[in-house]
Amino acid sequence: MKMEKTLLVLAVLALSGCAAMSEAECRTGDWYGVGERDGRGGSGSRLGDYADACRKAGVLPDPAEYSRGRERGLRTYCTPENGYRVGISGESYQSVCTPETQAGFLREYERGRARYELRRDLDALREDFSRWDRENSRLNDLIGKTNNEEERRRYMQQRDANERNRRDGRIRQLILETRWNLLPNEY
């Protein structure tokens with residue numbers, strides 16, 4: 001029965017995505033489990049938020065149990081492997097690891113973060129190429145349809161500027177792809 005209550009509390013908290021708890025959650029709260037979930041998620045202590053939410057229900061959290069659970073969760077979170085996962089997914093690090101675990105976590109977090117940022121930049125550049133291509137196609141249509149020489153010249157200048165952007169983008173793409181290929185293999 002206690003396990004079912006714990007799972008219910010954890011499931012509701014995971015779905016809500018916020019630190020506040022309902023009265024029912026406060027009354028059945030497994031403070032060790034709540035702390036462990038927060039630790040595994042890499043969040044700072046939310047005990048104050050839980051205390052505020054549960055005060056209305058006349059319930060006080062158990063800080064010792066919450067802290068024990070959070071420390072247990074942080075041992076899972078603050079590993080080098082998880083640091084890489086957090087970095088490559090683009091999540092931010094909340095400086096929650098102990099000095100003993102932080103160095104390994106951050107080393108792999110930075111490695112994962114570098115890969116994430118390169119992938120993000122390459123994706124953005126691909127979107128730029130698509131936009132430039134669409135714009136050039138539109139400008140070519142306008143150039144072909146207009147009889148006004150001044151408009152034609154203006155459209156051609158815009159197309160030329162787009163082409164320069166595209167060439168610069170291609171150079172940037174080559175640099176980013178080279179940096180990608182020089183990164184150490186994924187975890």
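Which of the residues belonging to the stretch 144-155 are free of Cβ contacts under 8 Å to residues at least 12 places away in the same chain and not small (Gly, Ala, Ser)?
Step one: filter the stretch 144-155 for residues free of Cβ contacts under 8 Å to residues at least 12 places away in the same chain, giving 144-154.
Result: 145, 146, 147, 148, 149, 150, 151, 152, 153, 154.
Give the number of residues within the stretch 42-79 that are crowded, with 19+ Cβ neighbours inside 10 Å and outside any helix (DSSP H, G or I). Quick ask: steps written out before the conclusion?
Initially, the stretch 42-79 is screened for residues crowded, with 19+ Cβ neighbours inside 10 Å, giving 42, 46-47, 50, 53-54, 61, 66, 69-70, 73-74, 77-78.
When the remaining residues are screened for being outside any helix (DSSP H, G or I), the result is 42, 46, 61, 78.
Residues that pass the stated criteria total 4.
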The stretch 156-183 - residue that is in contact (Cβ under 8 Å) with a residue 24 or more places away in the chain and surrounded by fewer than 14 Cβ atoms within 10 Å (Cβ to Cβ) and, of those, nearest to residue 142 (Cα to Cα): 163
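Would you confirm whether or not the stretch 12-25 contains a residue that is part of a helix (DSSP H, G or I) and at pLDDT 95 or above?
Going residue by residue through the stretch 12-25, those that are part of a helix (DSSP H, G or I) are 12-16, 23-25.
When the remaining residues are screened for being at pLDDT 95 or above, the result is none.
There is no residue in the stretch 12-25 that is part of a helix (DSSP H, G or I) and at pLDDT 95 or above.
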Sole exception among (1) touching a residue at least 24 places away in the same chain (Cβ under 8 Å); (2) more than 15 Å from residue 43 (Cα to Cα) for residue 103, by number: (1)
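Among 112, 87, which is the only one that is touching an Asp or Glu at 6+ places or on another chain (Cβ under 7 Å) and at pLDDT 95 or above?
After applying the criteria, what remains is 87.
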Filter result for the condition that a residue is assigned to a helix (DSSP H, G or I) and either within 30 Å of residue 41 (Cα to Cα) or touching a strand residue (DSSP E or B) at 6+ places or on another chain (Cβ under 8 Å) (or both), over 133, 128, 141, 121: 121
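Might you check whether a residue that is in contact with a Lys or Arg (Cβ under 7 Å, 6 or more places away or on another chain) and either within 30 Å of residue 43 (Cβ to Cβ) or surrounded by 11 or more Cβ atoms within 10 Å (Cβ to Cβ) (or both) occurs anywhere in the stretch 108-116?
Just the residues of the stretch 108-116 that are in contact with a Lys or Arg (Cβ under 7 Å, 6 or more places away or on another chain), to begin with: 112.
Checking which are either within 30 Å of residue 43 (Cβ to Cβ) or surrounded by 11 or more Cβ atoms within 10 Å (Cβ to Cβ) (or both) leaves us with 112.
So far as the stretch 108-116 goes, yes, one or more of its residues are in contact with a Lys or Arg (Cβ under 7 Å, 6 or more places away or on another chain) and either within 30 Å of residue 43 (Cβ to Cβ) or surrounded by 11 or more Cβ atoms within 10 Å (Cβ to Cβ) (or both).
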Given (1) in a loop (DSSP other than H, G, I, E, B); (2) surrounded by 14 or more Cβ atoms within 10 Å (Cβ to Cβ); (3) in contact (Cβ under 8 Å) with a residue 40 or more places away in the chain, index of the condition residue 94 fails: (2)
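The values are calculated or read from the model by the stated rules, or taken from the named source; none is laboratory data. Computed from a predicted structure; not experimentally measured. Virtual Cβ from ideal backbone geometry, glycine too; neighbours counted across all protein chains shown.
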